[in-house]
Each structure stands twice: as structure tokens, then as C-alpha cells.
Amino acid sequence: MQDLPRVLFPGHIEVVVCENDAERAVEYLISRSLLGFDTETRPSFKPGRQNLVALLQVCSGDVCFLFRLNRIGLPRCLVKLLEDRKITKVGLAWRDDLRLLKQRNQFNAGTFVDLQNIAEQMGIIDQSLQKLYANIFGEKIAKGQQLSNWEAENLSEAQKLYAATDAWACIQLYKEMMRMKEEGYSLTPTLSEEREKL
């Protein structure tokens, strides 16, 4: 994987640090039909301790908003977005992310699609974002910023690009995996194939 070309989010990144800007961002996002989601949390190196989610990344495809939850919490406008049932919200291992987000504010999750569920249906075993992207697109998502300080006063350009790339990659993977499914791609044997072996 290390020899693969690196992929980076090609669009515009907007860092959101106040509730007014969050409301404007959600107003834009709620008009879209497909969004990529991810979160980041400052790592804790003490056993048994976990920090609250610091960042929520939401990507529309060409724009990615980085909501700094350690500054603004989980305001009502973001709850509205998370609860929306019309927008398809795509993430990876989203059950864990939703559980951690609810530690900031309670909400009833709307329409979420977990890429790991689609991968499982297709018979794909390696289900991390990095491996899925490498296997499907032949490109590498670098993970060098994963354990950086997501509660820093200011996010570095490398952190912003890393966070945006993860949310954007979810959209790219969803579109391609759905296309593959429609064309009948699957690593899982069908019932008729299993019968032929008997």
C-alpha cells in the first residue's frame, strides 16, 4: 500500500468555530442529497479515559465543513442535520461515531449508511477506510494525522486536509461501491454457485 499514489480532498475546506457559522453551513448541507461524514477525537494515552469528539467533518463532495465541536459543542442545527431522514449520510463504522456524538448532545440518528455494511454484503474483508480506498481506487489515504491533537488552538493545514479527505473518501467509496453492486460485483458466492460445488 505504501507505494500507491496518495489521494487528497480536492475541494474547499471550511473550519467552523462558532454557532452562527454552523447554522449557515447546515443550511447549505441540508439542501444536498448525499453527504460524507467522519469524526476526530484527541487521543488519550491514559487507560480507561476517552475524550469527547472534537471534530465533525461533513462533506458535500466539493466542500467540506470541519465543525470544531470542542469549541461549539453539538448545537441544535447540527442535531437537525444528524436527525434528517431525507439526506443519505455516509460514514464508516458509524455506530461508534454516533454513540460518541451523543455524549455531546442527545439526538435520534436519521438516515445513515455504513460503508462497512456494504463491504460485508460484497464479501470484502478488509473494511478500514484506508484499505477499502486502496483496493477499490488504487490510491492511498495517508493516516499520519490520526493521532494528532484535534483540540489544538488552531488546526494545521495537514490536519484539515486529513480530516476533509476522510469524509470526502466516504462519498467516493459509496458511489463506486453502489455502482459495483448494480453491476453485480460480489466476492460472496451466490446460492446457485454454492449448489454447483456440491
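Selection over region 1-46 of residues that are over 18 Å from Asp166 (Cβ atoms) and among the hydroxyl-bearing types (Ser, Thr, Tyr) gives a count of 4.
Would a scan of region 26-35 turn up a residue that is in a strand (DSSP E or B), touching a residue at least 24 places away in the same chain (Cβ under 8 Å) and closer than 22 Å to Gln145 by Cα? For region 26-35, residues in a strand (DSSP E or B), touching a residue at least 24 places away in the same chain (Cβ under 8 Å) and closer than 22 Å to Gln145 by Cα: absent.
Residue-wise test of (1) closer than 20 Å to Tyr174 by Cβ; (2) within 17 Å of the chain's Cα centre (by Cα).
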residue: Asp38; (1), (2): yes, yes
residue: Thr41; (1), (2): no, yes
residue: Asp62; (1), (2): yes, yes
residue: Asn70; (1), (2): no, no
residue: Leu81; (1), (2): yes, yes
residue: Leu115; (1), (2): yes, yes
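Considered as a group, the residues in region 97-109 that are among the charged types (D, E, K, R) and in contact with a strand residue (DSSP E or B) (Cβ under 9 Å, 6 or more places away or on another chain) include one that is nearest to Ser33 (Cα to Cα), and that residue is Asp97. Is there a residue in region 3-18 that is surrounded by 12 or more Cβ atoms within 10 Å (Cβ to Cβ), closer than 22 Å to Met177 by Cα and in contact with a Cys (Cβ under 9 Å, 6 or more places away or on another chain)? Yes - at least one qualifying residue is present in region 3-18.
Evaluate the following for Phe37: is it within 19 Å of Gln116 (Cα to Cα) and touching a strand residue (DSSP E or B) at 6+ places or on another chain (Cβ under 6 Å)? Even if it seems obvious, please write down each step before you answer.
Numbers: within 19 Å of Gln116 (Cα to Cα): yes; touching a strand residue (DSSP E or B) at 6+ places or on another chain (Cβ under 6 Å): yes.
It is true that Phe37 is within 19 Å of Gln116 (Cα to Cα) and touching a strand residue (DSSP E or B) at 6+ places or on another chain (Cβ under 6 Å).
Those residues that are of a type in the set (Ser, Thr, Tyr) and surrounded by 11 or more Cβ atoms within 10 Å (Cβ to Cβ), I need them from region 19-31; list them, please. Steps first, answer last, please.
First, the residues of region 19-31 that are of a type in the set (Ser, Thr, Tyr): 28, 31.
Passing the criteria: only Tyr28.
Of the residues making up region 154-163, at least one is within 19 Å of the chain's Cα centre (by Cα), part of a helix (DSSP H, G or I), of a type in the set (A, V, I, L, M, F, W, C) and over 15 Å from Val16 (Cα atoms).
In region 1-47, the residue that is farthest from Leu129 (Cα to Cα) out of those that are in contact with a Lys or Arg (Cβ under 8 Å, 6 or more places away or on another chain), at pLDDT 95 or above and β-branched (Val, Ile, Thr) is Val17. With respect to the conditions (1) among the hydrophobic types (A, V, I, L, M, F, W, C); (2) surrounded by 14 or more Cβ atoms within 10 Å (Cβ to Cβ); (3) out of contact with any Leu (no Cβ under 9 Å at 6 or more places or on another chain), Leu52 falls short on a single one, namely (3). Out of region 94-109, which residues are in contact (Cβ under 8 Å) with a residue 24 or more places away in the chain and within 16 Å of the chain's Cα centre (by Cα)? Once the filter is applied, which keeps residues that are in contact (Cβ under 8 Å) with a residue 24 or more places away in the chain and within 16 Å of the chain's Cα centre (by Cα), region 94-109 yields Trp94, Asp97, Leu100, Leu101, Ala109.
The values are calculated or read from the model by the stated rules, or taken from the named source; none is laboratory data. Not measured: the values here are computed from a predicted model. No Cβ is skipped: glycine too gets one built from the backbone with ideal geometry, and neighbour counts run over all protein chains shown.
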